[in-house]
Amino acid sequence: MALDERKVKILKAIIQNYLDTGEPVGSRTISKYTDLNLSSATIRNEMADLEELGYIIQPYTSAGRIPSDKGYRFYVDMLLEEKIQEVDDMKNILIEKADKLENILQQVAKMLAVNTNYTTMITTPQYKKKLKFIQLTEIDETQLLAVLVFEKNIIKNNIIHISQALDKEIILKLNIILNTFLTGLDMEEINLPVITKMKEQAGEYRVIVNDILEAIMHAMEEDDDFKIYTSGATNILKYPELSDRERVSDILYTLEEKKMLTEVIQNKMEDEDTRGIQVYIGDESPVESMKDCSVVTATYEIDEGVYGKVGIIGPKRMDYEKVVSTLQSLMMQLDDIFKNKT
């Protein structure tokens, strides 16, 4: 027999109250914990049905009710379904926001190139990843799906290969251990004492916990969503000192491949003292192909702890005053865009 909405709410209220107090729960108590506006008599009837169905039990005569194993199982499964739905809803919202952010960043790079007559680049934001929630779900007897939700609602999915089949109770236990010890931590905070305690709690399943930890650390380290958008690459040709074939080829290759640009873009990203305007002139540039150029960067912030960089590349004789002024103005505009529209 499927439980109707009223019974589900009453069962949930019984379990939550019992988890809080450890005492049997009566109908009068439940009437205060639900939004059903039912009389105690009506709630007693519903509780009698729940008891007959095996979801709650009466530990002794004249006592209230407590959850049975069947009741706990229903409650836990319901919670897991709710969490999975929350993650799915979150993914849809994030996809929409990511598309919007990508368009904004590409437009910014193009606008800067047109306004300055130099080459420009801009990154997607980076952040220090703190774990918010972990959900393990069985795929088959040899694989688990680990859904990792970080602060800022960034979601990573990882497949964990396991050497033995796990029943639902063990997967539930692992979910509880992982979330108890790791929620709110970043990579530096997941240290040896934390890992040791987790493995002690996991007992014979410590090897699986170790595999899950490796997947979590990998997800924290990888920057698979990190992108650099460039615009105005051919503006380099406007400056004779940069326009010989070999020099232009090296610069254009760097802009095309983009990987080498990360040495400039990510340089001192997390240093609060360097989040303003940074200027690299000639040999100061960490990128070999940019040694005949000047690179000016600025850091934008879309939220606390979430930063990206904008860069302008030109000859050493670039108009520094104009470039710095343009970047300062842009930072103010991006702040307005991200704080009010994204």
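The values are calculated or read from the model by the stated rules, or taken from the named source; none is laboratory data. In this text, all values refer to a predicted model and were calculated from it rather than measured experimentally. So basically every Cβ, Gly included, is an ideal-geometry build from the backbone, and we count neighbours across all protein chains shown.
Details
- Residue match in segment 48-69 (condition: under 37 Å from the mean Cα position of the chain (by Cα) and small (Gly, Ala, Ser)): yes
- For segment 197-218, the condition holds for no residue, the condition being that it is aliphatic (A, V, I, L, M), part of a loop (DSSP other than H, G, I, E, B) and surrounded by fewer than 15 Cβ atoms within 10 Å (Cβ to Cβ).
- Within segment 111-161, being charged (D, E, K, R) and within 14 Å of the chain's Cα centre (by Cα) holds for LYS128, LYS129, LYS130, LYS132, GLU151, LYS152, LYS156.
- Look at segment 111-137: where a residue is without any contact (Cβ under 8 Å) to a residue 12 or more places away in the chain and surrounded by fewer than 21 Cβ atoms within 10 Å (Cβ to Cβ) and a partner is assigned to a strand (DSSP E or B) and of a type in the set (S, T, N, Q), sitting 6+ places away or on another chain with Cβ atoms under 9 Å, you get MET111/THR120; MET111/SER231.
- Residue list for segment 110-124, restricted to those being assigned to a helix (DSSP H, G or I) and among the hydroxyl-bearing types (Ser, Thr, Tyr): THR116
- Residue under evaluation THR234, criteria (1) assigned by TED's automatic domain parsing to the domain that holds VAL295; (2) without any contact (Cβ under 8 Å) to a residue 40 or more places away in the chain; (3) touching an Asp or Glu at 6+ places or on another chain (Cβ under 9 Å), criterion not met: (3)
- Consider segment 1-41 and keep the residues that are assigned to a helix (DSSP H, G or I) and β-branched (Val, Ile, Thr). The one that is nearest to ARG65 (Cα to Cα) is ILE14.
- For segment 133-169, the tally of residues that are closer than 16 Å to ALA215 by Cβ and in a strand (DSSP E or B) stands at 23.
- Residue among LEU172, LEU185 that is hydrophobic (A, V, I, L, M, F, W, C), assigned to a helix (DSSP H, G or I) and out of contact with any Cys (no Cβ under 6 Å at 6 or more places or on another chain): LEU172
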